[in-house]
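Working notes, beginning with the structure itself.
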Amino acid sequence: MVEANIMSNQTASRFQEIDYSNLGFGKYFSDHVFEADNIDNVWSSGVLKQYSPMSIEPGMSTLHYGQTIFEGLKAYRDLKNGGVNIFRPEMNSRRLNRSAKRLCMPQYLEENFLDAIKQLVIRDKRFIPNERGQSLYIRPLLFGDGNFLGVHPSDSYKLLIMTSPVASYYEEGLKPLKILVSHEYARTVRGGLGAAKTAANYAASLYAAKKAKQEGYSQVLWLDGVSMEYIDEVGAMNIVFVIDNKIITPALDSGTILAGVTRDTVIQLSKDFGYEVEERRIKVSEVFDSHKKGTLQEVFGTGTAAIISPVGQLTYNDKDIVINNMEIGPVAQKFYDTILGLVHGEIEDKNNWNLHLDI
Ligand code: COI
């Protein structure tokens, strides 16, 4: 891969600015980005460049009409064997291409995607945190960069991949979250963009999330935007319920839910653990009824950024339920421990989920 404008010895690295004792999520960026351009459906070979400001025109269509998609994956230090593990990157490549199709954007070859990510992680290896549970978050971003005001797909696109050393997504860490079930606002609707990882879904979430935060909640749980009865997802993560010893999570066939990589990992691990799994529609009333009956054991979110995040309280129409005494439950803990063990190379990777780099 060509390396353009790579950090020279004279340029100060961003590394010195990072407070590794207070990483948070997405506050810092590493020194380099991968960049590839697509013009009239032909991709450039891609270069590694220094992370730096970009110049854009006021007429850039994506700023107006939102033709932009992204991904999120992580590179972890292998604490047992040395080197680095990138967790299930091919899943992100496939999802990027599904989102691209939905947003009328060009496909990017999986082989090139994996190569770009490897080169970037190798180049900025020193940014990967050493602590267990922390990682280098990798953020691919694809957007139309044509300049015009008519509403139509762009004829040129840019793929950028940046990285950010991160700790926990939530300030709460593994402490159970308080979540507000929104009966007023919707993230998406049937036939909309909900299954694509695109900016519009996150923009749609901001107002309700801001109001929820003002009321003391960490996140919003979205219902289907048609009947407002069935549970979709949290936005920054998918949602899982443990009811009557069964693992239940909303099915993807509504087309309104993001197909999370951690969601898929939890479903596959559940089968290994001998848990019964149901991917199906689930009404918010079923969750509240099962709490009343005493069969709602746990609720937790799954996501690349969030990993596993226990939910300790759900509020819907001014009614609160407290789950597992506001404590992380044994099922969420088992998934959290197993996933961390896998990504850090401490547990045997029977499914070949890690792309291991001996660096
Ligand atoms: C992720 O889990 O990678 C996400 O994209 C969630 C959020 C930071 C937008």
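So the values come out like this:
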quantity: Strands (runs of 3 or more DSSP E) within the stretch 253-359 that include 1 or more residues under 22 Å from the mean Cα position of the chain (by Cα); calculated: 276-280, 296-303, 307-316, 354-357
quantity: Criterion: open to solvent by 60 Å² or more (accessible area, probe 1.4 Å), in the same structural domain as Gly144 (by TED's automatic domain parsing) and either modelled with pLDDT under 95 or under 17 Å from the mean Cα position of the chain (by Cα) (or both) - qualifying residue of Arg88, Arg102, Arg94, Arg123; calculated: Arg94
quantity: Residue tally, condition among the basic types (Lys, Arg) and either touching a His at 6+ places or on another chain (Cβ under 6 Å) or within 16 Å of the ligand (Cβ to nearest atom) (or both), over the stretch 53-87; calculated: 1
quantity: Residue within the stretch 194-201 that is farther than 29 Å from Tyr51 by Cβ and of a type in the set (Lys, Arg) present; calculated: no
quantity: Long-range neighbours under 8 Å by Cβ, at least six apart or interchain, first residue open to solvent by 20 Å² or more (accessible area, probe 1.4 Å) and within 14 Å of the ligand (Cβ to nearest atom) within the stretch 24-38, second modelled with pLDDT of 95 or more and of a type in the set (Asp, Glu); calculated: none
quantity: Check on Ile161, assigned by TED's automatic domain parsing to the domain that holds Glu90, within 16 Å of the ligand (Cβ to nearest atom) and not in a strand (DSSP E or B); calculated: no
quantity: Condition check for Glu171: outside any strand (DSSP E or B), within 23 Å of Ser135 (Cβ to Cβ) and either open to solvent by 10 Å² or more (accessible area, probe 1.4 Å) or assigned by TED's automatic domain parsing to the domain that holds Leu141 (or both); calculated: yes
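The values are calculated or read from the model by the stated rules, or taken from the named source; none is laboratory data. Note that the structure is predicted; figures quoted are calculated from it, not measured. Cβ atoms come from the backbone with ideal geometry, glycine included; neighbour counts cover every protein chain shown. Just the protein is used for accessible areas: all its heavy atoms, side chains included, with ligands, DNA and RNA removed. Shrake-Rupley method; radii C 1.70, N 1.55, O 1.52, S 1.80 Å.
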